[in-house]
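The values are calculated or read from the model by the stated rules, or taken from the named source; none is laboratory data. None of the values given here were measured: they were computed from a predicted structure. So basically every Cβ, Gly included, is an ideal-geometry build from the backbone, and we count neighbours across all protein chains shown.
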Amino acid sequence: MRTPLIAGNWKMFKTVRESVAFVTDLRARVSAVTGVTILVAPTFPALPAVAAALEGSGIGVAAQNLHWEREGAFTGEVSAPMLREAGAGWAIIGHSERRTLFGDTDDSVNRKVRSTLTATLTPIVCIGETWQEREANRTLEVLDRQIKAGLDGVTGTELAGSVLAYEPVWAIGTGRTATPAQAQQAHEHIRGRLTQWFGPDAAARCRILYGGSVKPDNAAALMSQPDIDGALVGGASLDTDSFVKIVERARR
Ligand code: 13P
């Protein structure tokens, strides 16, 4: 019932020109792929050109962050309606790099989530524990807090169309992936909480991605888990060969 989703988070990589060249190649290479939602998240300046290059392809475009207000005196920030107009249909919110390096909190994540929903952008809400939290057996408690606070005020209908990404902080950019069993355990817990807080229908429809050192050789095992609905890919999304291979491994 849930279509697998593979999203490439390019972080602060690729110029506008490189981004357009990448998606032009990607578009041609996945033109025959069906049954997988594909997204790329370029840097802000590349959004309009990437959206134009992907027009009519079915490949989505995501922003990597946003500000929750519509407009205002917030130097350096970009709002959800501005991103929508620039060509984004999705927005990554609360990535661990934003939380640790740029001060995102559960509260700001929640404001951003609500503003994307108002602007009809689909939020991709990132959650995940640090290594210390895992070692202290606090993983599930951390996930509960991030879900409850981050999705406060979101309706079941809104949740059903939204995306969560479980990204254990210790697996991001480290080459250290959660095992399929570890990831499934977290995803099952997350879906259980969504069932409890948003109802079984919304929970069954919400896609939950895994992120953290996803590569072509571990993607199939991760995505064969019942509650893993796709991947949020960092490093391996910067290269068309590896990104296309991951997309192919996601087909059900
Ligand atoms: P890596 O795939 O490079 O570990 O990054 C994961 C990530 O942060 C995706 O948002």
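Can you find a residue that is crowded, with 22+ Cβ neighbours inside 10 Å and within 23 Å of residue 12 (Cβ to Cβ) anywhere in the stretch 157-165? Spell out how you get there, then give the answer.
Here is the first cut: in the stretch 157-165, the residues crowded, with 22+ Cβ neighbours inside 10 Å are 159, 162-165.
The next check asks that each one be within 23 Å of residue 12 (Cβ to Cβ); those that pass are 163, 165.
Checked against the condition, which is being crowded, with 22+ Cβ neighbours inside 10 Å and within 23 Å of residue 12 (Cβ to Cβ), the stretch 157-165 yields at least one hit.
Does the stretch 207-221 hold any residues that are in contact with a helix residue (DSSP H, G or I) (Cβ under 7 Å, 6 or more places away or on another chain), over 13 Å from residue 5 (Cβ atoms) and either more than 11 Å from the ligand (Cβ to nearest atom) or assigned to a strand (DSSP E or B) (or both), and which are they? Before you say what the answer is, go through the steps one by one.
Step one: of the stretch 207-221, the residues in contact with a helix residue (DSSP H, G or I) (Cβ under 7 Å, 6 or more places away or on another chain) are 208, 210, 212-216, 219-221.
Remaining after also requiring over 13 Å from residue 5 (Cβ atoms): 212-213, 215-216, 220-221.
Scanning the stretch 207-221 gives 216, 220, 221.
Within the stretch 118-135, how many residues are out of contact with any strand residue (DSSP E or B) (no Cβ under 7 Å at 6 or more places or on another chain) and either surrounded by 21 or more Cβ atoms within 10 Å (Cβ to Cβ) or over 20 Å from residue 212 (Cα atoms) (or both)? Within the stretch 118-135, residues that are out of contact with any strand residue (DSSP E or B) (no Cβ under 7 Å at 6 or more places or on another chain) and either surrounded by 21 or more Cβ atoms within 10 Å (Cβ to Cβ) or over 20 Å from residue 212 (Cα atoms) (or both) number 4. For the stretch 230-243, the set of residues classified as within 15 Å of the ligand (Cβ to nearest atom) and either in contact (Cβ under 8 Å) with a residue 40 or more places away in the chain or touching a helix residue (DSSP H, G or I) at 6+ places or on another chain (Cβ under 7 Å) (or both) consists of 230, 231, 232, 233, 234, 235, 236, 237, 238, 242, 243, listed by residue number. Annotation note: of 149, 204, 178, the sole residue that is within 16 Å of the ligand (Cβ to nearest atom) and either within 18 Å of the chain's Cα centre (by Cα) or assigned to a helix (DSSP H, G or I) (or both) is 178. The set of residues in the stretch 5-44 that are away from the ligand (no atom under 16 Å from the Cβ), assigned to a loop (DSSP other than H, G, I, E, B) and either of a type outside the set (Gly, Ala, Ser) or closer than 25 Å to residue 77 by Cβ (or both) comprises 15, 30, 33, 34, 36. Of all residues in the stretch 170-184, those that are among the basic types (Lys, Arg) have Cβ atoms under 8 Å from Cβ atoms of residues that are within 15 Å of the ligand (Cβ to nearest atom), 6 or more apart or on another chain, in 176/170; 176/212; 176/213. Does any residue of the stretch 45-54 turn out to be modelled with pLDDT of 95 or more and assigned to a loop (DSSP other than H, G, I, E, B)? No, there is no match, as no residue in the stretch 45-54 is modelled with pLDDT of 95 or more and assigned to a loop (DSSP other than H, G, I, E, B). The set of residues in the stretch 82-112 that are part of a helix (DSSP H, G or I), in contact with a helix residue (DSSP H, G or I) (Cβ under 6 Å, 6 or more places away or on another chain) and away from the ligand (no atom under 16 Å from the Cβ) comprises 86, 106, 110.
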